[in-house]
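To start, the structure under review is shown below, and the notes come after it.
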Amino acid sequence: MLQLSGNTGPAEQPVTLVDLRRGDAAILDHIDLPGEDARRLMELGFLPGTQITAGLSAPGGDPRVFQVDGSEIALRRETARRLKVRVPQSQRQV
Amino acid sequence: MSDCNGCSAAAPAVEFPGRKGVAPTTRVAVIGPPNSGKTTLFNRITGLRQKVANFPGVTVEQHTGLAVLPDGREAWIIDLPGVYSLAPRSEDEQIAHDVLTGNRGDTPKPQAVLLVLDSTNLARHLMLAAPILALGIPTLVILNMADDLRKRGGHVDLKELSLQLGAPVALISARQGEGLDRVYEFLAGAMPKPTPKELPVLQDVPKCRQWAGHVGNQAQYRPPVPPKWTRRLDAIFLHPAAGVLIFGLVVIAVFQTIFVYVTPLMDGVKSLFAVSGNWVASALPESLFRSLLIDGVWKGVGSVIVFLPQVLMLFLFIGILEDSGYLARAALIADRTMAKVGLQGKSFIPLLSAYACAVPAIMSTRTIENKRDRIATILIAPFMTCSARFPVYTLIILAFVPNRPVIGAFLGTQTVAMVGLYALGFIVAVITARVLKSSVLKSGRTPFLLEMPSYRWPTLQSLGLRLLDRSVVFLRRAGTVILLVTVILWIAAHVPFVNGKPPAIENSLAGTIGRTIEPAIKPLGFNWKIGIGLITSFAARETIIATLGAIYGMDDPDAQSQDLQKAIHRDLTPGGAVALLIFFAFAMQCVSTVAVVRRETAGWKWPLVQFTYMSALAYLGAFVAFHLMA
Ligand SMILES: Nc1nc2c(ncn2[C@@H]2O[C@H](COP(=O)(O)OP(=O)(O)O)[C@@H](O)[C@H]2O)c(=O)[nH]1
């Protein structure tokens with residue numbers, strides 16, 4: 001279950017990858033990083049519109065592995081925060 | 001025509017004649033994303049006919065090899081670094097781009113490309129096909145990991161894929177040697193230029209991915225089910241408790257092996273050199289030449305070869321960790337801790353290796369893609385207490401620290417002193433990393449990305465070739481320089497002649513130098529004898545023991561270690577002894593390390609910076625220690 005707006009600051013702030021818990025899936029909306037860095041992520045499969053599933057993590061939850069486009073890529077929290085996602089309605093149970 | 005045979009004006013950086021003495025006319029590049037199995041394929045088709053060098057001026061390693069085609073002709077194969085795209089941003093991508101477009105003067109443009117893609121993740125990997133096919137070079141699209149694809153129920157229509165891409169396609173398993181005949185067929189055949197149905201705008205990543213997806217769909221690509229075992233193993237290896245425990249066990253296993261299990265091997269190599277040296281010595285008449293051969297060359301070479309068992313064992317470990325896929329998990333677990341000093345998870349294993357020897361540690365930083373992180377790791381690695389410091393620490397501690405119990409019989413003062421020195425190196429490394437990473441080597445915002453490959457069994461062939469390759473690099477780079485320096489030192493200790501004979505060491509060139517630098521090292525509590533030892537120890541740290549042995553007139557310093565301890569005790573104050581320990585903890589007294597840093601950073605800048613910094617720190621540290629103790 002996802003608790004989205006309650007504890008992630010202002011309600012209008014979009015959800016990011018950091019807000020996903022293990023097993024949660026979401027659709028990437030956009031990457032809030034400079035062009036080159038965003039491109040690098042896109043080449044690894046982080047393209048807007050793609051489904052991303054949060055996986056296991058290092059102890060303490062950072063970095064976390066994400067399943068995207070057939071691969072598993074670990075991102076640090078500071079990077080995951082920049083990936084804004086939409087959570088499909090069916091999962092939004094707040 | 002751009003793909004002619006004679007038009008490459010510049011000669012290749014590495015001479016690579018074929019077995020018949022002539023350079024093969026076919027030059028083929030292997031390219032693909034990381035972990036697609038490029039190296040495995042390259043090893044398959046070239047076997048032991050390989051060479052490794054650096055691309056001139058950059059840190060990217062260049063692997064070239066010869067493939068023998070079924071008709072007996074040979075092809076020159078170059079393994080390019082793993083890349084996801086050809087956009088030249090990182091050094092790796094720049095090299096791949098420049099070689100493939102014929103923009104590197106030192107490497108002629110290849111006439112054909114083997115594009116290796118992972119068939120179990122084809123849709124994404126096909127993205128790289130777009131820029132490669134756009135080059136217009138004849139290309140064989142290789143879908144690797146056929147075994148895995150089959151086992152996990154994936155499928156792809158090769159005919160249709162070939163039609164879409166306008167290039168031949170081969171489904172192979174590089175690991176099992178399956179489907180290689182298609183590769184040879186391509187290399188021996190007419191090699192037509194690719195005629196893809198359509199290509200996307202290359203700068204537009206989403207468009208490229210769409211195109212790749214479309215091509216995959218046309219070819220009925222059905223991705224395999226996710227790897228069951230990888231999920232299961234990750235549940236253990238990345239478990240918050242069990243994962244950390246296993247990580248700890250791996251670290252302990254590495255330590256235990258390189259310090260405990262390998263020691264008899266190293267002793268064996270050492271005595272092999274001693275015995276063979278004595279044997280050669282007794283076979284030759286007493287002469288200067290004999291002394292040069294035995295005391296210079298033999299001991300110099302021996303001092304490097306002694307580390308070979310340790311280095312090989314380290315590379316075996318790193319090879320197993322990397323090929324099995326665990327290395328990425330270890331990096332993930334270590335990342336938070338390493339991030340605290342501004343580094344990242346991938347720096348962990350190299351730094352751990354540096355406790356054995358900085359040379360293989362620095363060579364293994366190649367797994368760190370981020371250049372600044374890699375340089376920072378290289379710069380701090382020599383602070384880790386390598387095994388060459390151990391005999392020096394032992395000698396001085398035994399000579400100066402009386403063994404009194406600290407906690408019962410378990411922990412004595414000598415052990416505490418030793419552990420303290422290990423800790424000292426570590427702490428200075430951490431501080432240095434912090435300083436570097438918050439100043440000159442600040443990483444900017446480049447995101448840290450770590451792909452988690454599937455777990456796989458490492459293969460003996462891959463491990464064997466890796467060991468061979470790394471030991472050649474180790475022996476060649478370190479061995480040649482060490483040899484040169486030991487010969488120079490030998491000469492310095494044997495000139496100028498007095499009455500046609502080499503002088504006593506205090507009157508030799510080395511002795512003169514020792515006395516000349518005495519004013520500079522006096523503030524550290526060292527006399528000229530220690531000075532000579534310091535100078536020779538810049539070749540390799542443990543050399544100081546042999547040098548001091550020679551100065552104090554002992555033929556076999558190992559056997560006379562008791563006497564040597566006494567002699568040193570007479571010549572050094574306790575303050576000077578502490579200063580000497582600190583000096584050894586901080587100084588970069590190792591020509592091999594300087595040489596390998598130069599190689600790995602492609603220039604003299606970083607080794608010079610590092611050498612200066614470490615020497616200055618060693619001097620200051622020793623100075624402060626001596627005056628605090630006085
Ligand atoms: N199952 C399977 N594994 C393979 C195959 N080819 C390579 N591998 C494994 O994939 C991993 C990465 O291979 P490597 O050649 O190092 O990839 P590179 O990064 O592209 O050079 C290694 O563990 C190989 O053993 C294959 O055909 N089948």
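Could you go through the stretch B:193-204 in sequence order and give the Karplus-derived ³J(HN,Hα) for each residue, using 6.51 cos²θ - 1.76 cosθ + 1.60 with θ = phi - 60°, rounded to whole Hz, and x for Gly and Pro?
Those phi angles translate into 6, x, 10, x, 4, 8, 10, x, 5, 5, 6, 9 Hz.
Please list, or write none, the lysines whose alpha carbon is within less than 26 Å of the alpha carbon of B:Lys522, excluding same-chain residues fewer than 8 places away.
In chain and number order, the partners are B:Lys566.
Which whole number gives the average, over all residues in B:261-271, of C-beta atoms from other chains lying within 10 Å of the residue C-beta?
Partner Cβ neighbours, averaged per residue: 0.
Relative contact order of chain B: what whole-number percent is it, with Cα pairs under 8 angstrom and at least 6 residues apart?
The value is 10 percent.
List, in order, the whole-Hz ³J(HN,Hα) value for each residue of the stretch B:28-34 obtained from phi through the Karplus relation with A = 6.51, B = -1.76, C = 1.60 and θ = phi - 60°; use x for Gly and Pro.
These are the phi-based 3J(HN,Hα) values: 10, 9, 9, 9, x, x, x Hz.
Beta carbons within 10 angstrom, averaged per residue: use that to sort the peptides B:76-84, B:344-352, B:387-395, B:468-476, highest first.
B:344-352, B:76-84, B:387-395, B:468-476
According to a simple spin-label model (label point 7 Å from Cα along Cα-to-Cβ), what is the distance in nm between B:Leu484 and B:Ile431?
In this crude spin-label approximation the distance works out to 3.4 nm.
When the label point is put 7 Å from the Cα of B:Ala616 along its Cα-to-beta-carbon vector, which residues of the stretch B:430-472 have a backbone N closer than 20 Å?
B:430-442
Return the FRET efficiency for the residue pair B:Trp279, B:Thr367: r is the Cβ-Cβ distance, R0 is 35 Å, and the value is rounded to the nearest 0.05.
The value I calculate is 0.25.
List the residues whose amide H sits under 5 Å from the amide H of B:Ala170, counting only those 5 or more places along or on another chain, with H placed 1.01 Å from N in the peptide plane.
Distant-sequence amide H within range of B:Ala170: B:Val141, B:Ile142, B:Leu143.
Across peptide A:73-79, how many C-beta atoms of other chains are within 10 Å of each residue C-beta, on average?
Counting other chains' Cβ atoms within 10 Å and averaging over A:73-79 gives 6.
Sequence-distant or interchain residues sharing an amide H contact under 5 Å with A:His30, placed H: which?
Residues meeting the amide H criterion: A:Lys84.
Could you work out how far helix B:479-494 tilts from the main Cα principal axis of chain B, as a 0 to 90 degree angle to the nearest 10?
Tilt relative to chain B: about 20 degrees.
Give the distance, in whole Å, between the Cα centre of the stretch B:198-232 and the Cα centre of the stretch B:263-290.
Result: 61 Å between the Cα centres.
For helix B:413-437, what angle does its Cα long axis make with the longest principal axis of chain B, in degrees from 0 to 90 and rounded to 10?
50
Using a 10 Å cut-off around each Cβ of peptide A:47-58, what is the average number of partner chain Cβ atoms that fall inside?
So the per-residue partner count for this stretch is 4.
Let me know the volume per residue of the alpha-carbon convex hull for the stretch A:2-88, in Å³.
Convex hull of Cα atoms, per residue: 92 Å³.
Two decimals is fine: what's Rg over Rh for the stretch B:461-628, C-alpha atoms, Kirkwood radius as Rh?
A ratio of 1.03.
Let's see if you can work this out: charge +1 on each Lys and Arg Cβ, -1 on each Asp and Glu Cβ, no other charges. What is the dipole magnitude of the protein assembly as shown about its Cα centre, in debye to the nearest 20?
That gives a dipole near 720 debye.
How would you rank B:244-257, B:89-102, highest first, on the average number of other Cβ atoms within 10 Å across their residues?
The peptides rank, most packed first, as B:89-102, B:244-257.
In a shell of Cβ-Cβ distance under 15 Å around B:Gln589, excluding B:Gln589 itself, what net charge do Lys and Arg (+1) and Asp and Glu (-1) give?
+1
Using modelled backbone amide H atoms (1.01 Å from N, in-plane), which distant-in-sequence or interchain residues come within less than 5 Å of B:Leu450's amide H?
Sorted by chain and number, the residues that satisfy this are A:Ala74.
Across 20 Å bins from 0, what is the distribution of all Cα-Cα pair distances for chain B, in whole percents?
17, 45, 28, 9, 0
Multiplying the sequence separation of B:Val244 and B:Trp604 by 0.36 nm and subtracting their Cα-Cα distance, what value in nm do you get?
My answer for the length gained is 125.7 nm.
What FRET efficiency comes out for B:Ile252 versus B:Trp457 if R0 is 22 angstrom and r is the Cβ-Cβ distance? Round to the nearest 0.05.
Once rounded, the FRET efficiency stands at 0.45.
As a check on your grasp of the helix formula, calculate [θ] at 222 nm for chain B: sum -39500 (n - 2.57) over DSSP H runs of n ≥ 4, divide by the residue count, round to the nearest 500.
That comes out to -16000 deg cm²/dmol.
Net charge around B:Val430, counting only other residues with Cβ within less than 11 Å of its Cβ (Lys, Arg = +1; Asp, Glu = -1)?
+3
Show me B:430-440, B:528-538 ranked by packing, highest mean number of other Cβ atoms within 10 Å first.
Result, highest mean first: B:528-538, B:430-440.
Over the stretch A:2-88, what is the mean sequence separation of C-alpha contacts under 8 Å (at least six apart), divided by residue count, expressed as relative contact order in percent?
Contact order relative to length: 36 percent.
Counting other Cβ atoms within 10 Å of each Cβ, which chymotrypsin sites (Phe, Trp or Tyr not before Pro) in the stretch B:565-614 have at most 15 and sit in a DSSP loop?
In loop regions of the stretch B:565-614 (DSSP not H, G, I, E or B), the sparsely surrounded chymotrypsin sites (Phe, Trp or Tyr not before Pro) are B:Trp604.
Between B:Glu178 and A:Thr50, what FRET efficiency follows from the Cβ-Cβ distance if R0 is 30 Å, with the result rounded to 0.05?
Working from the Cβ atoms, E equals 0.40.
Mind listing the phi-derived Karplus ³J(HN,Hα) values for the stretch B:153-158, rounded to whole Hz, using 6.51, -1.76 and 1.60 with θ = phi - 60°, and x for any glycine or proline?
Couplings: x, x, 7, 8, 8, 5 Hz.
I want to check the label-to-label distance for B:Asp563 and A:His30. Put each point 7 Å from Cα in the C-beta direction and report it in nm to one decimal.
Rounded to a tenth, the inter-label distance reads 8.1 nm.
Report, please, the projected area of the protein assembly as shown averaged over directions, based on the convex hull of its C-alpha atoms, in nm².
For the protein assembly as shown, the mean projected area of the Cα convex hull comes to 36.9 nm².
Working from Cα positions, state the angle (0 to 90°, nearest 10) between the long axis of helix B:605-629 and the longest principal axis of chain B.
30
Every number here is computed from the coordinates shown, using simple stated rules; none is lab data. Computed from a predicted model, the values in this text were never measured in an experiment. Counting neighbours? That spans all protein chains shown, and the Cβs are built from the backbone with ideal geometry, glycine included.
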